[in-house]
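To keep things clear, I will list the structure first and then write my remarks on it.
The values are calculated or read from the model by the stated rules, or taken from the named source; none is laboratory data. Quantities reported herein were computed from a predicted structural model and do not represent experimental measurements. Cβ: placed from backbone, ideal geometry, glycine included. Neighbour counts: every protein chain shown.
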Amino acid sequence: MRSDPTIFAPNNDTIAAIATAPGEAGLAVVRISGPIALSVAESTFIACRKHSEPQTAYTARYGAIVDKNGNKIDDVVLLVMHAPHSYTGEDTAEISCHGGSTVTAMVLNTVLQYGIRLANPGEFTMRAFLNGRMDLVQAEAVADLIHARTNAAVQSARRQLDGGLSRVCSELRSDIVGVLAAVEVTIDYSDEVPELDREIISANISAIIDKLRMLLNGALQGRMVREGLNVVILGKPNVGKSSLLNRLLGYERAIVTDTAGTTRDILQEAANIHGVPVTLVDTAGLRDTVDIVEQQGVQRAESAAAMADTIIAVADAKTGVTSEDERALRTAQQAGVRVLAVVNRCDLASDSQAAAVAAQLEQLLGTTGPALKVSARTGEGLPLLQQAIAPRSESIEAVGITRLRHETACSRAIESLQRAVMSTNSLMPADFITIDLHEAVDALAEITGEGAPDELIHRIFKDFCVGK
Ligand SMILES: Nc1nc2c(ncn2[C@@H]2O[C@H](COP(=O)(O)OP(=O)(O)O)[C@@H](O)[C@H]2O)c(=O)[nH]1
Ligand SMILES: [Mg+2]
């Protein structure tokens with residue numbers, strides 16, 4: 001599948017690693033892949049029953065792993081798979097042993113005695129990619145599936161693993177190649193075919209741009225579902241930050257009192273908002289204080305704000321926006337991230353009062369959108385706040401882009417196509433059009449990994465765990 005595998009050495013060595021999570025468990029799996037995987041397994045494994053035939057592919061045998069001195073290490077089940085019909089595309093043996101971390105390490109060490117080496121992080125999946133068992137999007141999806149924290153994230157990874165995004169990319173590529181062929185034929189056979197119909201070419205390219213834009217539209221949502229959001233609640237003391245956290249979580253995580261300065265440390269909790277894994281961070285009220293503990297809390301709140309993807313800037317409908325809010329929300333303004341303005345305790349204020357505070361808060365925060373009026377006490381306005389944090393979206397269901405890498409490549413393809421449209425419309429020679437169309441094809445090919453630079457491929461697999 002990969003056009004230029006030259007830089008990667010052929011995998012003529014055999015690798016092994018523990019494929020399961022560390023810790024105590026019922027079972028663990030040691031995986032071996034490469035040319036001598038099966039003979040290594042055969043050397044260390046003694047079947048419980050005598051077999052005259054070597055173990056055939058996709059069968060499991062019960063027996064024991066023994067070391068070179070014949071000492072039994074563990075009772076195991078051995079599963080063998082033959083190239084190319086395995087995850088990596090190579091001969092593979094999987095040893096299911098007992099799940100203690102020490103016994104598993106002993107099984108691994110035993111197989112490593114046979115001239116094979118420990119796998120690097122992600123190396124099994126990298127081999128699967130290099131052997132054409134999956135493309136780059138699918139390899140990324142493997143990591144995403146493992147790290148998924150919500151059902152939506154699992155479904156999104158699942159769709160990519162099943163080739164959803166890959167198919168969309170290859171359809172778009174063949175659309176572009178179709179246009180490319182139509183243009184090139186007028187260059188190569190200018191005497192025999194009619195002149196380039198620029199109107200049709202331009203319309204066809206524009207239609208492809210539209211499809212790419214649709215793909216890009218879902219990118220933010222796709223990335224949110226995959227990466228999650230870090231949402232930090234900021235405001236002066238006693239505006240109901242902790243109450244909002246509790247409401248968003250659906251249980252009483254933070255202590256709530258009417259004493260200003262109750263929350264002194266950072267409180268962090270995982271929530272699932274419309275399928276997006278959200279880390280909600282409650283902070284100490286931001287104010288200038290002589291209390292040393294509270295001062296540290298304020299500092300921590302400020303550092304938390306620096307790590308936020310989204311800040312919820314809270315003011316109180318009852319007290320209105322005061323100089324204390326100005327002090328507190330300066331941090332929100334300076335963070336340079338999305339700020340959601342929220343007026344809380346609206347149950348204590350009249351509609352007009354709440355609206356006035358909302359207007360004050362919007363003015364204080366500058367460019368932020370309209371302030372949301374909520375009550376952590378009654379729950380009013382909370383669905384709107386959740387919608388603002390992570391919109392419930394149809395695009396979760398769609399095949400989507402989930403990484404900045406995909407997004408950048410898509411944007412590059414769009415830019416190239418836009419240049420191609422311009423060249424077409426401004427009657428530039430046909431060669432100009434084909435250059436841009438080729439660039440668009442290359443940009444899309446990079447998403448699935450064909451022609452992706454080796455450095456990029458290494459970077460992608462480096463983030464995997466060992467054994468995957
Ligand atoms: N009436 C009303 N009281 C609230 C609301 N949110 C919080 N409170 C009360 O305001 C006080 C301060 O709340 P808390 O969440 O500790 O504020 P924080 O200091 O910003 O974390 C507590 O007595 C809460 O019960 C609300 O929406 N309506
Ligand atoms: Mg609090």
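Between a residue in the range 293-314 that is exposed (fewer than 15 other Cβ atoms within 10 Å of the Cβ) and any residue that is outside any helix (DSSP H, G or I), which pairs come within a Cβ distance under 8 Å, given they are 6 or more apart or on different chains?
Val293/Arg264; Gln296/Arg264; Ala306/Ala335; Met307/Asn230; Met307/Val232
If you take the residues of the range 108-156 that are of a type in the set (Val, Ile, Thr) and more than 23 Å from Asn12 (Cβ to Cβ), which of them is surrounded by the fewest Cβ atoms within 10 Å (Cβ to Cβ)? Before you say what the answer is, go through the steps one by one.
Kept after step one, since they are of a type in the set (Val, Ile, Thr), are these residues of the range 108-156: 110-111, 116, 125, 137, 142, 146, 150, 154.
So of that shortlist, the ones also more than 23 Å from Asn12 (Cβ to Cβ) come out as 137, 142, 146, 150, 154.
Values: Val137: 25, Val142: 21, Ile146: 13, Thr150: 20, Val154: 16.
Checking each candidate, the answer is Ile146.
Considering the range 222-265 alone, what residues qualify as being under 27 Å from the mean Cα position of the chain (by Cα) and under 22 Å from Gly336 (Cβ atoms)?
Scanning the range 222-265 gives Arg223, Met224, Glu227, Gly228, Leu229, Asn230, Val231, Val232, Ile233, Leu234.
Looking at Ile401, Ile389 in this structure, which one is within 29 Å of the chain's Cα centre (by Cα), of a type in the set (Val, Ile, Thr) and over 23 Å from Arg213 (Cβ atoms)?
Values: Ile401 fails: over 23 Å from Arg213 (Cβ atoms).
Going through Ile401, Ile389 in turn, just one is within 29 Å of the chain's Cα centre (by Cα), of a type in the set (Val, Ile, Thr) and over 23 Å from Arg213 (Cβ atoms): Ile389.
Consider Glu184 against the criteria (1) outside the structural domain of Ala443 (by TED's automatic domain parsing); (2) part of a helix (DSSP H, G or I); (3) among the charged types (D, E, K, R): it satisfies all of them except one. Which criterion is unmet?
Among (1) outside the structural domain of Ala443 (by TED's automatic domain parsing); (2) part of a helix (DSSP H, G or I); (3) among the charged types (D, E, K, R), the lone unmet condition for Glu184 is (1).
Restricted to the range 270-284, and to residues that are away from ligand 1 (no atom under 16 Å from the Cβ) and hydrophobic (A, V, I, L, M, F, W, C), which residue is farthest from Gly218 (Cα to Cα)?
Checked the range 270-284; the qualifying residue farthest from Gly218 (Cα to Cα) is Ala270.
If I filter the range 289-306 for residues that are under 17 Å from Leu382 (Cα atoms) and more than 13 Å from ligand 1 (Cβ to nearest atom), do I get at least one hit?
The first filter runs over the range 289-306 and keeps only residues under 17 Å from Leu382 (Cα atoms), leaving none.
Scanning the range 289-306 turns up no residue that is under 17 Å from Leu382 (Cα atoms) and more than 13 Å from ligand 1 (Cβ to nearest atom).
Sort through Ile233, Ile205 and tell me the only one that's closer than 16 Å to Leu437 by Cα and among the β-branched types (Val, Ile, Thr). Write out each step before concluding.
Values: Ile233 fails: closer than 16 Å to Leu437 by Cα.
Result: Ile205 is the single residue among Ile233, Ile205 that is closer than 16 Å to Leu437 by Cα and among the β-branched types (Val, Ile, Thr).
Where in the range 228-340 are there helices (runs of 4 or more DSSP H), lying fully within it, with 2 or more residues that are within 21 Å of Ala371 (Cα to Cα) and within 13 Å of ligand 2 (Cβ to nearest atom)? If you could, list the steps in order and put the result at the bottom.
Details: elements: 241-249, 292-306, 323-334.
Helices (runs of 4 or more DSSP H) meeting the threshold: 241-249.
For the range 372-395, how many residues meet the condition of being in contact with a strand residue (DSSP E or B) (Cβ under 6 Å, 6 or more places away or on another chain), without any contact (Cβ under 8 Å) to a residue 40 or more places away in the chain and on the phi < 0 side of the Ramachandran plot? Break it down stepwise before answering.
Taking the range 372-395 first, the residues in contact with a strand residue (DSSP E or B) (Cβ under 6 Å, 6 or more places away or on another chain) are 372-374, 376, 381, 384-386, 388-390.
Checking which are without any contact (Cβ under 8 Å) to a residue 40 or more places away in the chain leaves us with 372, 381, 384.
Cutting the leftovers down to on the phi < 0 side of the Ramachandran plot gives us 372, 384.
Adding up the residues that qualify gives 2.
Got a sec? Which of Ile46, Ile95 is surrounded by 17 or more Cβ atoms within 10 Å (Cβ to Cβ), in the same structural domain as Gly122 (by TED's automatic domain parsing) and in contact (Cβ under 8 Å) with a residue 12 or more places away in the chain? Break it down into steps so the answer makes sense when it comes.
On the way: Ile46 fails: surrounded by 17 or more Cβ atoms within 10 Å (Cβ to Cβ).
The match here is Ile95.
Give the number of residues within the range 1-54 that are assigned to a loop (DSSP other than H, G, I, E, B) and modelled with pLDDT under 90. Talk me through it step by step, then tell me what you get.
Quick first cut of the range 1-54, residues assigned to a loop (DSSP other than H, G, I, E, B) only: 1-4, 8-14, 19-24, 34-36, 48-54.
Now drop any that are not modelled with pLDDT under 90, which leaves 1-4, 8-12, 48-54.
Summing the residues that are assigned to a loop (DSSP other than H, G, I, E, B) and modelled with pLDDT under 90 in the range 1-54 gives 16.
Can we say Ile266 is surrounded by fewer than 17 Cβ atoms within 10 Å (Cβ to Cβ) and within 19 Å of Val293 (Cβ to Cβ)?
Numbers: surrounded by fewer than 17 Cβ atoms within 10 Å (Cβ to Cβ): yes; within 19 Å of Val293 (Cβ to Cβ): yes.
The answer is yes for Ile266.
Would you be able to say whether some residue in the range 217-226 is surrounded by fewer than 21 Cβ atoms within 10 Å (Cβ to Cβ), without any contact (Cβ under 8 Å) to a residue 24 or more places away in the chain, of a type in the set (S, T, N, Q) and more than 16 Å from ligand 1 (Cβ to nearest atom)?
no
All but one of (1) touching an Asp or Glu at 6+ places or on another chain (Cβ under 8 Å); (2) within 18 Å of Thr20 (Cα to Cα) hold for Pro84; state the number of the condition that does not hold.
Only one criterion is unmet by Pro84, namely (2).
I'd like the residue in the range 341-363 that is crowded, with 20+ Cβ neighbours inside 10 Å and assigned to a helix (DSSP H, G or I) and, out of all such residues, is nearest to ligand 1 (Cβ to nearest atom). First the steps, then the outcome.
Kept after step one, since they are crowded, with 20+ Cβ neighbours inside 10 Å, are these residues of the range 341-363: 341-346, 349, 354, 357-358, 361.
Then drop every residue that is not assigned to a helix (DSSP H, G or I), which leaves 346, 354, 357-358, 361.
Numbers: Cys346: 7, Ala354: 11, Val357: 13, Ala358: 14, Leu361: 15 Å.
Restricting to residues being crowded, with 20+ Cβ neighbours inside 10 Å and assigned to a helix (DSSP H, G or I), the top hit is Cys346.
So which of Glu407, Glu415 is under 30 Å from Gln155 (Cα atoms), away from ligand 2 (no atom under 16 Å from the Cβ) and of a type in the set (Asp, Glu)?
Values: Glu415 fails: under 30 Å from Gln155 (Cα atoms).
Every option except Glu407 fails the conditions.
On the basis of being among the aliphatic types (A, V, I, L, M) and farther than 20 Å from His438 by Cβ, does Leu180 make the cut?
Working: among the aliphatic types (A, V, I, L, M): yes; farther than 20 Å from His438 by Cβ: no.
When the stated conditions are applied, Leu180 does not pass them.
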